[in-house]
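Undergrad: Encoded as structure tokens, here's the structure I'll be asking about.
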Amino acid sequence: MARNRLSRSRRNKRYTELDFRLPEALLRLDWSPDQIVGYLRGRGYPTMSHELIYQYVWNDKTFGGTLWKHLRQSTKKRRKRHNSKDSRGRLAAKRHITERPANAEHRKEPGHWEIDTVVGRGTKHCIVTLVDRMTGYTFIGQMGDRTSESLNVRMSKIMTRSDLPFKTITADNGTEFHGYAQLEKHHNCLFYFVNPYHSWERGTNENTNGLIRQYLPKRTSMSHVTQKFCNEIAHKLNTRPRKRLGYRTPTEYIHAHL
């Protein structure tokens, strides 16, 4: 077993096979080596370096193991848009991102969210992602199509069933968000909109979508994605420690600040 070989190496005499069991279990939950080290160290566990955990993963792969499949790999490439026009329609009386309140802008409290839709290959099916700016807490919703009607139905279910606050929501200019006024009316929240094609103005959401691509790669069809699977992905993300949260999980962090 790879664990035995690595623990017996001259460089790693201080670690036994037992020492690798917890890091391995967390790897299988799709935690990164950095998250594992930070989380365990913050709770008083004796921990190895994240470099050693990577070494362990690749040693495991050499001998036929599958731990490497749980590591995230970013393959997304940025596209530059030169003088592109926003052809997705215009929203009347929309609030610009610069009007967003200070607590939302500076991540001072939970309840300020970023929203986006993620499409798959070959079908009209997609998912909607909603991420809290302060904590990274995430909701993922399955949608049959990318229309404002479908988005409002899914968003209403998310917001009605959760006890978390929804104070502001920052969106792009996609037509699926053109029914935002109905959500504002029924759920007492305010929408704000970024500049066209300025995805970095929703950086928290963009980063989360990259994490979701570990489970739904870019060329995956969304036609067989269920809400149950979306909930499972969200649970994994919400119970995974984040470096920017002091290696606490989004679930821990958001409930500590309510």
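Undergrad: Only one of 111, 120, 89 is at pLDDT below 90 and assigned by TED's automatic domain parsing to the domain that holds residue 178. Can you tell me which? Explain how you work it out, then say what you get.
TA: Values: 111 fails: at pLDDT below 90; 89 fails: assigned by TED's automatic domain parsing to the domain that holds residue 178.
Every option except 120 fails the conditions.
Undergrad: I'm checking my understanding of the structure. Among residues of the range 217-241 that are in contact with a Gly (Cβ under 7 Å, 6 or more places away or on another chain) and buried (at least 19 other Cβ atoms within 10 Å of the Cβ), which one is modelled with the lowest pLDDT?
TA: 222
Undergrad: Right, next: Can you pull out the strands (runs of 3 or more DSSP E) entirely within the range 94-193 that have at least 1 residues that are more than 20 Å from the chain's Cα centre (by Cα) and farther than 24 Å from residue 225 by Cβ?
TA: Values: elements: 112-119, 126-132, 138-143, 168-171, 190-193.
Hits in the range 94-193: 190-193.
Undergrad: Given the criteria under 15 Å from the mean Cα position of the chain (by Cα) and closer than 19 Å to residue 39 by Cα, does residue 216 qualify?
TA: Working: under 15 Å from the mean Cα position of the chain (by Cα): yes; closer than 19 Å to residue 39 by Cα: no.
Against the criterion (under 15 Å from the mean Cα position of the chain (by Cα) and closer than 19 Å to residue 39 by Cα), residue 216 does not qualify.
Undergrad: I want to confirm something. Restricting to the range 3-23 and keeping residues that are buried (at least 19 other Cβ atoms within 10 Å of the Cβ) and either within 31 Å of the chain's Cα centre (by Cα) or in the same structural domain as residue 240 (by TED's automatic domain parsing) (or both), which single residue is modelled with the highest pLDDT?
TA: Step by step, filter the range 3-23, then rank; the result is 23.
Undergrad: Mind listing just one residue for me: the one in the range 194-222 that is assigned to a loop (DSSP other than H, G, I, E, B) and in contact with a helix residue (DSSP H, G or I) (Cβ under 7 Å, 6 or more places away or on another chain) and, of those, nearest to residue 101 (Cα to Cα)? I'd like the intermediate steps shown before the answer.
TA: Here is the first cut: in the range 194-222, the residues assigned to a loop (DSSP other than H, G, I, E, B) are 194-198, 213-222.
Now drop any that are not in contact with a helix residue (DSSP H, G or I) (Cβ under 7 Å, 6 or more places away or on another chain), which leaves 194-195, 215.
Working: 194: 14, 195: 17, 215: 34 Å.
Checked the range 194-222; the qualifying residue nearest to residue 101 (Cα to Cα) is 194.
Undergrad: Are any residues in the range 195-215 in contact with a Phe, Trp or Tyr (Cβ under 9 Å, 6 or more places away or on another chain) and at pLDDT 90 or above, and if so, which ones?
TA: Matches in the range 195-215: 215 only.
Undergrad: Within the range 15-55, can you find the residues that are under 22 Å from residue 252 (Cα atoms) and hydroxyl-bearing (Ser, Thr, Tyr)?
TA: The answer is 32, 39, 45, 47.
Undergrad: Which count do you get for residues in the range 47-64 that are in a loop (DSSP other than H, G, I, E, B) and in contact with a Lys or Arg (Cβ under 9 Å, 6 or more places away or on another chain)? Please lay out each step first, then the result.
TA: Of all residues in the range 47-64, those in a loop (DSSP other than H, G, I, E, B) come to 47-49, 63-64.
From the residues that got through so far, the ones that are in contact with a Lys or Arg (Cβ under 9 Å, 6 or more places away or on another chain) too are 47-48, 63.
Here the count works out to 3.
The values are calculated or read from the model by the stated rules, or taken from the named source; none is laboratory data. Just so we're clear, the structure is a prediction, and the values are computed from it rather than from any experiment. Because the Cβ atoms are built from the backbone with ideal geometry, glycine has one as well, and the counts that use them run over all protein chains shown.
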